[in-house]
Structures are given as C-alpha cells and as structure tokens.
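The values are calculated or read from the model by the stated rules, or taken from the named source; none is laboratory data. Source: prediction; values computed, not measured. Note that each Cβ is placed from the backbone with ideal geometry, even for glycine, and that neighbours are counted across all protein chains shown.
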C-alpha cells in the first residue's frame, strides 16, 4: 500500500484546524480584555485596601473599585527648618470623577500597626497636590525618623479608596543656617557694626551733636514744678511686659527721673500693670534713691503693683490722679486703648503731662492730650539724652547713621522708579528683589 | 558680683537669642522654647510679689488711717474674696468657678460691667480730644482739621453724597501721606529697639539693674 505522504498530513491538518479553533476559543475565554484586566487589578487594590485599612477615622471597607486612586508620592525634606517638616507631593487620580478629596496618612516605618496611621492632611480634589507636612503640632515630624505615606481617594459618600504605601526614602533634618535670612544677616551686621563704630567713636571722646528734644528737656522743668507745688509725680511705665523693649526703655528713663526726684525730695508714685515690671521698677527707684544719697527718703509704698486687668488698671491710675492730684504725669512705655483715658483724665486734673510710646496708633491721643510727647524712637533716645554718657550718645548717632542708609536706599528706589517710567526699564524690580526678604515662606 | 552675674546672663542670653534667629536647627529651637517656657514661671512667682505689694500698700494705709483709707477696703476685700469663693469655699456653699457660683456671679455682674463702662468712656474722651485737636488755631491745625474732615466723611456713607472724590481723597490721605509717616516712625522705632537691645546686651545701658547706670 502506497503511503500518501501528502494526503495524510493534510488530513491531519484539516482535523487539527477545528481543534485549534476550539483551543483558541478556550484561550480567548481565559485571556481578559483590557477592561477586564483593569477590573482585576482594581480588585487586587481593593483587596489591599481591606488589608491596609487605617484605624484613623471610620474604617469604610469598600470592595467596589468605584474611584480612581492617587499615584506616586514624593517626599522631600523642607529646607531651613528644625527638621520637622516635609514637602509632600503626589500624583492625583487620573480620573477625579466622584472624588471629593484626598486623605493623606503618615506613620513611622517601624510601626507595623494599622492604628499607627495618622491622618495628616485632607486636600480637596481641585487643590494643588503639594503640601508641607509637619505644621500640625498634634502629628509632629521627628528629625531622623523614617516615615511612610499613603493616600486615599474619598468619595462623595465619604468612602476611602486607598492607594499603595510609599516610603519617604529620606529623613527630616534641621539646618544650622537659614539660607533665606542671608540678607537679614548682612543688614544686621552692617547696622550693628555702625552702632558699634559710633560707640567707639564716642568713647574716644569725639564731640557729637544731639538735636534737642523738647519733651526730654521738659522733664527737669516738670520735676521742678512738682517740687515747687509740693505735689507728687506719677510715673506710668505702660501696660506691657518686661519683654517689650519700650518697657525696658521706660524703666531706664525711670531710673534717671527717680534720681532727680530723689535729689529734689519729691514724692513719686509708680503704679505697675505687670508684676515682673513692678519688681524691676521697685529696684530701679530704690537704687536711684541710694545713688542720690537719700536712701532714707525712699518710700516703699511709692512703687506698687496695681492689677493685670487693662481697664481696672486705668480706673486705679485715674483714681490716683483725681485723689492725689499729681503735678506731673509721665506716660512712658507701651500703651493700648487706655492711653487716651489716662491722658485725658490727667489733663482734666491739671497736671503737666509728658508721654512717650512707640505704639503708632496711640501717638495721636498722646499728642492731643499731653504737653510733650516722645514719638517712637525718641523714647529710646531719652535715656541717652538724660544720662549724657558718651556710649549712649554714640548709640543714638549709630541709629541716625542706620536711618541715613535706609533713606539713601529709599531715594535710590525713587530714582529707579522714575527711570523705569521714563526709559521703560525694570530696574526697580531688580532693586526690590535685591533688598527685600519674603516674610512668609 | 551682684551686677556682673546678671550682666553675664543677659549678654549670653541676648547673643544666643540673636544667633537663634538664624539657626533653624532643632537644638536651637529647644533652647528658644525653654526660654519661652521660663517666662511664665518667673511671672507666676512675680505675681505673688505683686499681690504682696498691693496688700502691704493698703494695709499700711488702713493702719495709718491715711487719706481716703476707706477705699483700701474696696481693694483688699475683693482681692482675697474672689479667690476665696473660687478656690476654697466648696461648691455646696456657693463656691467654685462654675456658672452658678458666687465667684462667677461677682465676675459677670460686677467686674465685666465695670470694665465695659471704663472702655465705653473712650468714646466720649475721643470726642473731647478730637474737639481739642481740630481747633483751627494755626495753618497746620487747619490742614489737620481739613484732612480729618475729608477722611472721616470718606469713611461714612454720607460722604458719597458729595461725590466719589471725597472717599477717594480720604483713601489717598490714608494710603500715602499717613502711611508714609507711620512707616517713618516704625523705621525709627526699629533702629531704636536695635540700639537699645545692643546697649543692654553689651552692658552699656545698666539702668534696668537699678540705679542710673553708675
């Protein structure tokens, strides 16, 4: 029998075609379409979501992969801080439909517990997906600790769909110099250097002229008037704390004034608002009497604490003014809404009044109601004027030199502004960038 | 020694605080926060001294039968009465600081109205001070008066009756001449603070230690 070497394979092939076709159908049934693949992957994620459901907030288990989840999370150490902040960026969900916001969770890598996840930020879906983590003092970032993040898409029904966990890869660390403050440092060194230069110059005996300030020159006259009238002098050191520079300036003036009062044998009344200021003021006045050689004249009831309530203090001081009728009232230091009530009552009582404050909003009230007012920096310069010590005068000249520099810069900015208008250049912007520092990072 | 030690503390503390501004590191922050935490502790002890001072002053007045000595009772009785009701007397006898206690009653019905009264006096004092300030006695006072009238009318709805120029002029006065003057004062204040701080830190100004710097 002759073997048909062509017919047999052809018949076999013909027989195999249907079986191949059946096999192909069966394979097609096993291989998912693109849509089916995405469904399966999402189901996997949904399974993972169930596994990594955080304890923070109500755990809402949802297997229906209805929402898209955010992608990659990038974590950077924020520069110029104490090592307690990260800049966190994440890729938003490709399809934001149905997402109201993203919940960002953080935990320490070594802590495996699901309870360790902290909800550190809620970002509305239409807002930027970059934020600074570490602002919330309840969930601080510790320097040197490794953290991990995960983000959940939150549906309109408040259901969370969690993305994968991403390790931060870096730890937060603090810096030893704030590079954003270089300009401040340069200006600080320049101004401090100038003040020291004038300290030294004054110390070497250079003669320096100080513009007379009528308010300071009137102090002697006011003390003399009180002495002649046999009435006390009221000294109000403001209602701020000792941490306020205006209060410290006031206490330095109090020392000078108390010394003169001790010389003239007049009575001084110093009611205090702050207990720490009271203790310092008492010591200052006591020492002034001691230096004047009249420690026996010091009355321990002359400096006293009144109250720490603003308007109760006003009522107390006004009462002293109306009952004791001081011949001279000094209001030197930091004042708020009570300034006008004090000064107006003093004016009604007929006292000569000298005020001084660096509170810009209170200056008009003092100018209106007082005989003399030390405006802003004059309060700080008063001690130098009263003491006539070379270094103190040098400090005032140093201040003036600093102001001269700032005035020169303002004039230069004015010239550049005009130049920009005339020549259509942008020199003022360049200059502004050169000298300004952003207040908020 | 009595002066050297405080001066050294101030110098070291002052320089540290200056440097701290430029060092954001956590060690620097810890030092800074410690300083901030000390302040209220010192304040709490100073308050004891303050209350002691007030008590001493008024008991002296009562003992000496000084002028208006009766008013001293008005200070001493509430000074010790309020803590007595708030802290010592039990709640069953009207003590404690809850809303039905005597402490709360006294605070809400005496302290708060008195303080509000004092604050409301400010409105009348502003009116009298404004009257005094705006008397056109000289050319400068007249300019001040005019500026004040424009600014005040510009801030209220009736200003629009005269036309938009009035509120706009008022705004211009506030934004330019007024702001320029305010900034000039603030600049001077800033340098004044800097110089005062340096004088204190480096011991040039020692008056705060007591005495006139000798």
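Out of all the residues in region A:344-354, is one or more farther than 30 Å from residue A:200 by Cβ and loosely packed, with under 14 Cβ neighbours inside 10 Å? Within region A:344-354, one or more residues are farther than 30 Å from residue A:200 by Cβ and loosely packed, with under 14 Cβ neighbours inside 10 Å. For region A:362-396, the tally of residues that are at positive phi and more than 7 Å from every other protein chain (Cβ to nearest Cβ) stands at 1. Would you say residue B:204 is at the interface with chain A (Cβ under 8 Å from one of its Cβ atoms), more than 20 Å from residue A:360 (Cα to Cα) and surrounded by 12 or more Cβ atoms within 10 Å (Cβ to Cβ)? Here the answer is yes, as residue B:204 does meet what is asked.
The residues on offer are A:257, A:236, and the sole one that is crowded, with 24+ Cβ neighbours inside 10 Å and modelled with pLDDT under 95 is A:257. Of all residues in region A:199-235, those satisfying the criterion of being closer than 19 Å to residue A:262 by Cβ and not in a helix (DSSP H, G or I) are A:230, A:231, A:232, A:233, A:234, A:235.
When the test is whether a residue is in contact (Cβ under 8 Å) with a residue 24 or more places away in the chain and touching a helix residue (DSSP H, G or I) at 6+ places or on another chain (Cβ under 8 Å), residue A:248 does not pass it. Selection of region B:40-91 for residues being free of Cβ contacts under 8 Å to residues at least 24 places away in the same chain, within 25 Å of the chain's Cα centre (by Cα) and over 30 Å from residue A:325 (Cα atoms) yields B:40, B:41, B:42, B:43, B:44, B:45, B:83. Considering every residue within region B:110-120, establish whether at least one is free of Cβ contacts under 8 Å to residues at least 12 places away in the same chain, part of a helix (DSSP H, G or I) and within 30 Å of residue B:146 (Cβ to Cβ). Yes, region B:110-120 contains at least one residue that is free of Cβ contacts under 8 Å to residues at least 12 places away in the same chain, part of a helix (DSSP H, G or I) and within 30 Å of residue B:146 (Cβ to Cβ). Looking across region A:165-215, the residues that are touching a strand residue (DSSP E or B) at 6+ places or on another chain (Cβ under 7 Å) and away from chain B (no Cβ under 14 Å) come down to A:165, A:166, A:167, A:168, A:169, A:170, A:214, A:215.
Looking across region A:383-404, just one residue is loosely packed, with under 14 Cβ neighbours inside 10 Å and either in contact (Cβ under 8 Å) with a residue 12 or more places away in the chain or not in a helix (DSSP H, G or I) (or both), and that is A:388.
Residues in region A:186-199 that are surrounded by 14 or more Cβ atoms within 10 Å (Cβ to Cβ) and either within 18 Å of the chain's Cα centre (by Cα) or touching a residue at least 12 places away in the same chain (Cβ under 8 Å) (or both): A:191, A:194, A:195, A:196, A:197, A:198, A:199. I want to confirm something. Restricting to region B:92-109 and keeping residues that are surrounded by fewer than 16 Cβ atoms within 10 Å (Cβ to Cβ) and assigned to a loop (DSSP other than H, G, I, E, B), which single residue is nearest to the chain's Cα centre (by Cα)? Selected residue: B:97. Looking at A:330, A:305, A:335, just one residue is more than 10 Å from chain B (Cβ to nearest Cβ), buried (at least 24 other Cβ atoms within 10 Å of the Cβ) and either farther than 22 Å from residue A:231 by Cβ or without any contact (Cβ under 8 Å) to a residue 40 or more places away in the chain (or both), and that residue is A:335. Across region B:92-109, which residue is farthest from the other protein chains (Cβ to nearest Cβ) among those that are in contact (Cβ under 8 Å) with a residue 12 or more places away in the chain and touching a helix residue (DSSP H, G or I) at 6+ places or on another chain (Cβ under 6 Å)? Here the answer is B:102. Does region B:59-91 hold any residues that are assigned to a loop (DSSP other than H, G, I, E, B) and within 14 Å of another protein chain (Cβ to nearest Cβ), and which are they? Answer for region B:59-91, where residues must be assigned to a loop (DSSP other than H, G, I, E, B) and within 14 Å of another protein chain (Cβ to nearest Cβ): B:66, B:67, B:68, B:69.
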